[in-house]
1. In segment 1-68, what is the volume of the convex hull around the alpha carbon atoms, normalised per residue and reported in Å³?
2. Using a probe of 1.4 angstrom, how much of the accessible area of the chain is carbon and sulfur, in percent?
3. If you count only protein heavy atoms and use a 1.4 Å probe, how large is the accessible surface of K121, to the nearest 10 Å²?
4. If each residue of separation counts as 0.36 nm, what is the full-extension length gain between S226 and L64 once their alpha-carbon separation is subtracted?
5. Can you sort Y244, Y7, Y196 by 1.4 Å-probe accessible area, starting with the largest?
6. Roughly how tilted is helix 138-148, in degrees to the nearest 10 and between 0 and 90, from the longest Cα axis of the chain?
7. Rounded to whole Å and sorted largest first, list the principal axis extents of the Cα atoms in segment 1-125.
8. Between the helical axis of 19-29 and the dominant principal axis of the chain, each derived from Cα atoms, what acute angle in degrees is found, rounded to the nearest 10?
Amino acid sequence: MESKQYYMEYKIHKNRPGLLGDIASLLGMLEVNIMTINGVEDRTRGMLLQTDDEEKIVLLGKMLQKVDNITVNKLRTPTIVDILAVRHGRYIERDSDDRKTFRFTRDELGILVDFLGEVFKRDGNQVIGLRGMPRVGKTESIIAGSVCSNKRWTFVSSTLLRQTVRSQLSEDEMTNNNIFIIDGIVSTIRSNEKHYALLQEIMAMPSTKVIEHPDIFIKESHYDYSHFDMIIELRNTPDEEITYESFTANYTDEF
């Protein structure tokens, strides 16, 4: 049977000497490998485990229920959030009401790039929205995430190098392995018929699309919120308000 990874997270009620050693010994006797271990927020520890026998994980969970000093919160196939929690020692902030919205601040760009890199490794169709004010690091994070995932990126529309509005892409660019970067304001407010036709073709491809300013993109096109698999918000500070009135006019004033 093929080895699989599992994420285990437990809350420590009494951090007595030797507690981690006891848990590691139990895992060793079950022949479950510890791949990564780290503290995750206050008095919580996360582990990435590996085994080729799922029954051992079920047994592990039952045995740890009898340990008074800890409570196992999670024992499951790891999500991207789990992997990054162990890697960075903290959980990515998610909207409590809208679970597909993830929040970052500029001083967390390293975690954001790591997060995007893991997301970009996935195959198939996925549409990611990226909210944020100008010059907060949106486009740079997408490019860095593409590098981390060993994927090529293609600008469909952008303001990174003045205004880019593509009406066609080369055969090498039109591949499902590419990360397509779309500026939601440029592609709607400044788009022409050829560009919009190209945009529709790309949106239908089984590939990853990252759309900056997704709210304007939804407002000015026939696409809606349900087309997005994930929304990422990037702020300079945690309390910064993301508004569009202050800079959407610049997209049209320059032409």
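The values are calculated or read from the model by the stated rules, or taken from the named source; none is laboratory data. These numbers were taken from a predicted model, which means no experiment stands behind them. Here the Cβ positions follow ideal geometry from the backbone for every residue, glycine too, while neighbour counts run over all protein chains shown. Protein only, heavy atoms only, side chains kept; ligands, DNA and RNA dropped before computing areas. Shrake-Rupley method; radii C 1.70, N 1.55, O 1.52, S 1.80 Å.
1. Dividing the Cα hull volume of segment 1-68 by its residue count gives 77 Å³.
2. Working: 6090 of 13180 Å².
Exposed carbon and sulfur together represent 46 percent of the surface.
3. The value for K121 is about 110 Å².
4. On the way: separation 162, 0.36 × 162 = 58.32 nm, distance 3.99 nm.
My answer for the length gained is 54.3 nm.
5. Details: Y244 30, Y7 0, Y196 55 Å².
Greatest to least solvent exposure: Y196, Y244, Y7.
6. 50 degrees
7. The Cα atoms of segment 1-125 stretch 41, 37, 25 Å along their principal axes.
8. Result, in degrees: 90.
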